[in-house]
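Notes to accompany the following structure.
Nothing in this text is a laboratory measurement; each read-out follows from the coordinates by a stated rule. Keep in mind that what you see is a predicted model, and the values were worked out from it rather than measured. Cβ sites come from the backbone with ideal geometry, for glycine too, and all protein chains shown count toward neighbours.
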Amino acid sequence: MLTPISISRPKPYLLYIEWNDAFSSTILLETLRDQCPCAGCQGEEIMGQKVFVGIKMFKPGMNELKALTPVGNYGLQATWADGHATGIYTWQSLRAICETHTLTPQQLTDLASKE
Ligand SMILES: [Zn+2]
C-alpha cells in the first residue's frame, strides 16, 4: 500500500509529501482544501446525482492548515483555521491529489518570487 513517510510544510502555503515508493510531491494547501473529500465540499451522491449541500465561499483561514491528524492507519484528517475538520483524506485520495496537482519546480520558483 502506498503511504506517506514524511509530511512537512516548507512554506505556510505548501505541503510536501514523501511516499514509500520514492515519489514525492509539493502541493498548495489551497488545493488540498479545494479537494476536501467531505460531503459539504464535494457534494453528496443522492440517487445517482451530485447534490451540493453548501455553496463554496471563501472564508478567512479556509486555506490555512491547523493540523493533520492520522485516522486509523488509512488516512489523515485535516483541521483548517476556519474550523472545518470533516474531511478525511485516505492515502489513496491523498496520493491522487499529489499526482494530479503536484507543483513543478518552475511553479515553485514563481510562487517564491511572489512572496
Ligand atoms: Zn470539506
- request: Quick one: order Thr102, Thr26 by neighbouring beta-carbon count within 10 Å, fewest to most.
  value: Thr102, Thr26
- prompt: If you rank Asp34, Asp110 by fewest surrounding Cβ atoms within 10 Å, what's the result?
  reply: Asp110, Asp34
- prompt: Quick one: which of 35-47, 88-100 comes out on top by average Cβ neighbours within 10 Å, and what's the full order, highest first?
  reply: 88-100, 35-47
- request: With runs of 4+ DSSP H residues as the only contributors, calculate the mean residue ellipticity of the chain at 222 nm using -39,500 (n - 2.57) per run, divided by the residue total and rounded to the nearest 500.
  value: -7000 deg cm²/dmol
- prompt: Quick one: in the chain, what % of C-alpha pairs are over 24 Å apart?
  reply: 28
- prompt: Per the chain: cysteines with no other Cys C-beta under 4.7 angstrom?
  reply: Cys38, Cys98
message: Tell me the net charge near Pro10. Cut-off is 14 Å between Cβ atoms, Pro10 excluded, with +1 for each Lys or Arg and -1 for each Asp or Glu.
response: 0
- prompt: Taking the simple approach of a point 7 Å from Cα along Cα-to-Cβ for both Lys66 and Ala96, what is their distance in nm?
  reply: 2.7
query: So what's the angle, to the nearest 10 degrees on a 0 to 90 scale, between helix 91-101 and the longest Cα principal axis of the chain?
result: 60
- line: Spelling it out for Lys66: with amide H atoms placed in the peptide plane at 1.01 Å from N, the residues 5 or more places away or on another chain with amide H under 5 Å from its amide H are Thr79, Trp80, Ala81
